[in-house]
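Student: Questions regarding the structure given below will be posed in turn.
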Amino acid sequence: MRDEPERAVDEGGGSPDPALFDKLVRPFYQRIYRWALVMTRDPDDADDVTQETVIRAYRHIATFRKEGRVSTWLYRITRNVAMEMMGNPRKQRERSDERAIENAAGSLRTDGSEGGLDHQQLLRIVHAFFGELSDRQREVFDLVDLQGCEPIEAAEMLEIDAATARTHLFRARRLIRKRIMEHHPELAEVLGR
Amino acid sequence: MKCEEAGELIFEADLEELGMGGDSPLTGHLRECGECRQAAEVILGTESAFAAAFDSLAPGRSFEESVVTAISAVPGSSRRRLRALPVLLPLAAAAALFLLIFPLWNREVGVVRDPFVPALLAEAPALRTPSERSAMILDSGDPDYQIIWLF
């Protein structure tokens, strides 16, 4: 994974340890927020999930196993918190705004290339494209293609086997890349799409 | 490899392969075919822009403050323990003083009148300890048995 912090050493006792927490968890605030945003697709919900994740990590820092990855441990906590907060993930997905997909697609088409889009437009596009993926597909795609994790590492974080993770990844890539190519019809034609 | 076949692979390929890393049939085709290479570059560029947009995201400004407040309220937090220290210190000192004085007083009298001693024994102390030894009678919880501890 890009910028992977050190593997942690479990020096914790049985209670919260601020020094260990600062060493292990603080460097992950931004990444936890990003995971939460991919899971919830709402900045306010992502804020809440991030805060609860950090607090749980603080409470349970002594349970972190030294042979494990901090990122995996924190990702699982984030996922549990998001699932608890968001309820049924399928229901959540149904709440996605269909217009967001149209607007985002429009932005990409208008500019003709992603290079001319500003930050907010890009995020809208990502969110809109992500709205078409299942939860698993979205998480694997984000972890592997956007964050640079190895598929095996993503599988470990999601607690699924590597083959399943790859299947989700391929399906996600197909959907996302198909969407991208829709805005470049001349290239899509060459590829037989 | 035909462009249609390459198209099938491009839609599932790893980013490294799209960037023509490695030595697969697809990378071979991308090196030869400008249009397919352009399609791969569009995909790489768009996904890379998505990643950059996400990388710049961070929680709200009040996040750190909220976390510090929430963590302070966690039971067992060292900050919480530190706040309780001014109250606990005098109590701990008093307890230490009591433990220091109690055995001295005990040795002088020779017989223990301990809060653990059953009321009947405490009213009529009849236990003599060997010289230089003290004793403590402990309640076992069973009225038929008492524990005598010589120390």
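The values are calculated or read from the model by the stated rules, or taken from the named source; none is laboratory data. Computed from a predicted model, the values in this text were never measured in an experiment. FYI the Cβ positions are ideal-geometry reconstructions off the backbone, even for glycines, and counts take in every protein chain you see.
Student: From the set of residues in segment A:135-158 that are in contact with a helix residue (DSSP H, G or I) (Cβ under 7 Å, 6 or more places away or on another chain) and of a type in the set (Asp, Glu), which is nearest to the other protein chains (Cβ to nearest Cβ)?
Tutor: A:ASP145
Student: Quick check, is A:ILE125 within 13 Å of another protein chain (Cβ to nearest Cβ), touching a residue at least 40 places away in the same chain (Cβ under 8 Å) and closer than 20 Å to B:THR46 by Cα?
Tutor: It is false that A:ILE125 is within 13 Å of another protein chain (Cβ to nearest Cβ), touching a residue at least 40 places away in the same chain (Cβ under 8 Å) and closer than 20 Å to B:THR46 by Cα.
Student: Right, next: Inside segment A:34-67, can you point out the residues that are hydroxyl-bearing (Ser, Thr, Tyr) and surrounded by fewer than 24 Cβ atoms within 10 Å (Cβ to Cβ)?
Tutor: A:THR40, A:TYR58, A:THR63
Student: So, B:PHE50, is that one part of a helix (DSSP H, G or I), at the interface with another protein chain (Cβ under 10 Å from one of its Cβ atoms), modelled with pLDDT under 85 and within 30 Å of A:HIS183 (Cβ to Cβ) or not?
Tutor: no
Student: What helices (runs of 4 or more DSSP H) completely inside segment A:119-193 contain at least 3 residues that are in contact with an Asp or Glu (Cβ under 9 Å, 6 or more places away or on another chain)?
Tutor: The qualifying helices (runs of 4 or more DSSP H) are A:119-130, A:151-158, A:162-182, A:185-190.
Student: Return the residues of segment A:171-180 that are surrounded by 17 or more Cβ atoms within 10 Å (Cβ to Cβ) and either at the interface with another protein chain (Cβ under 7 Å from one of its Cβ atoms) or hydroxyl-bearing (Ser, Thr, Tyr) (or both); say none if nothing qualifies.
Tutor: A:ARG173, A:ARG177, A:ILE180
Student: Scan segment B:55-64 and tell me whether some residue there is at the interface with another protein chain (Cβ under 8 Å from one of its Cβ atoms), within 30 Å of B:LYS2 (Cβ to Cβ) and part of a helix (DSSP H, G or I).
Tutor: So far as segment B:55-64 goes, no, none of its residues is at the interface with another protein chain (Cβ under 8 Å from one of its Cβ atoms), within 30 Å of B:LYS2 (Cβ to Cβ) and part of a helix (DSSP H, G or I).
Student: Further question: Could you count how many residues in segment A:147-168 are without any contact (Cβ under 8 Å) to a residue 60 or more places away in the chain and crowded, with 23+ Cβ neighbours inside 10 Å?
Tutor: Residues that pass the stated criteria total 3.
Student: Another question about this same structure. Residue pairs, Cβ under 7 Å, 6 or more apart or interchain, first in segment A:17-43 and facing chain B (nearest Cβ under 9 Å), second of a type in the set (D, E, K, R). List them.
Tutor: Close Cβ pairs satisfying both conditions: A:VAL38/A:ARG138; A:VAL38/A:GLU139; A:VAL38/A:ASP142.
Residue by residue, here is whether (1) basic (Lys, Arg); (2) in a helix (DSSP H, G or I); (3) at pLDDT 80 or above holds:
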| residue | (1), (2), (3) |
| --- | --- |
| A:ASP10 | no, no, no |
| A:ALA19 | no, yes, no |
| A:TYR33 | no, yes, yes |
| A:VAL49 | no, yes, yes |
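Student: If I go through segment B:10-35 residue by residue, how many of them are outside any loop (DSSP other than H, G, I, E, B) and within 10 Å of chain A (Cβ to nearest Cβ)?
Tutor: 5
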